[in-house]
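Inspection log for the structure reproduced underneath, given as structure tokens.
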Amino acid sequence: MLNTIYTTIVDFLFPPHCPLCGAYVDTVGAWCPVCLDQTIQVHKLPLSILMQDNISMVRAVGRYRGGMKKFIQALKYQKKLAMLPAIHTLLDVALPKAEFAGVDYVIPVPLHSKKLQARGFNQAEKIFHPWADGCQLTWLEALIRCRDTNPQYKMTVMERRINMREAFSLREGLNVRGKKVLLVDDIFTTGITIQECAIVLKQAGATRICGLTLASDA
């Protein structure tokens with residue numbers, strides 16, 4: 001009762017608005033129809049021959065530009081967790097639950113412990129864990145980042161490949177043999193990061209590995 005009254009007062013004083021154009025909307029995290037339609041651009045990503053040996057398919061919810069870029073950069077570098085309700089709404093609209101019914105585990109691309117401590121959270125977890133729960137999918141932090149890799153935004157493809165080589169391992173005691181898994185991350189650029197994760201899971205016996213990212217500039 002008190003929560004409802006508080007929410008009503010807050011919404012009256014600070015009415016929720018579309019995260020892109022600023023138009024008034026009904027609830028926090030909602031979008032206006034035009035911006036929602038423009039932002040959702042679900043698409044399959046091109047995979048190299050090497051990636052196809054380990055990953056069945058990777059999809060992105062949208063393109064890494066405009067609103068998507070704004071959300072990801074604000075979340076990762078400015079720690080603006082207030083962006084999350086709008087992102088979660090985006091996922092709920094863009095990704096029908098029925099399409100993921102056969103997934104055994106949703107596995108996030110992990111951060112190294114140093115970066116996790118500095119940032120305070122893994123953005124892949126913040127973005128996708130509530131969505132996985134809503135789809136009744138099992139969230140499993142199966143991978144660890146065993147090397148503190150360098151930032152990759154200025155690297156060539158070859159440099160990225162060397163940088164990420166053997167950067168991940170399976171968490172001790174976990175078993176993914178025979179399982180269908182969905183790897184999730186915030187952004188797909190060259191695909192090398194998600195590929196290295198998939199190699200570890202494939203070697204551990206996972207039978208089908210797919211990927212899902214919030215955005216892609218591939």
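The values are calculated or read from the model by the stated rules, or taken from the named source; none is laboratory data. All figures in this text were calculated on a predicted structure; none of them were measured in a lab. Positions of Cβ are backbone-derived with ideal geometry, glycine not excepted, and every protein chain shown enters the neighbour counts.
A few comments on the model shown:
- All of ILE187, ILE194, ILE199 fail the test of being more than 16 Å from the chain's Cα centre (by Cα) and surrounded by 14 or more Cβ atoms within 10 Å (Cβ to Cβ), apart from ILE199.
- Looking across region 95-143, just one residue is free of Cβ contacts under 8 Å to residues at least 24 places away in the same chain, more than 28 Å from TYR77 (Cα to Cα) and charged (D, E, K, R), and that is GLU99.
- Of the strands (runs of 3 or more DSSP E) lying entirely inside region 94-193, the ones with 1 or more residues being at pLDDT below 95 and among the β-branched types (Val, Ile, Thr) are found at 143-145, 180-188.
- Each residue in region 18-60 was checked for being within 19 Å of the chain's Cα centre (by Cα), buried (at least 19 other Cβ atoms within 10 Å of the Cβ) and under 16 Å from PRO85 (Cα atoms), and 3 pass.
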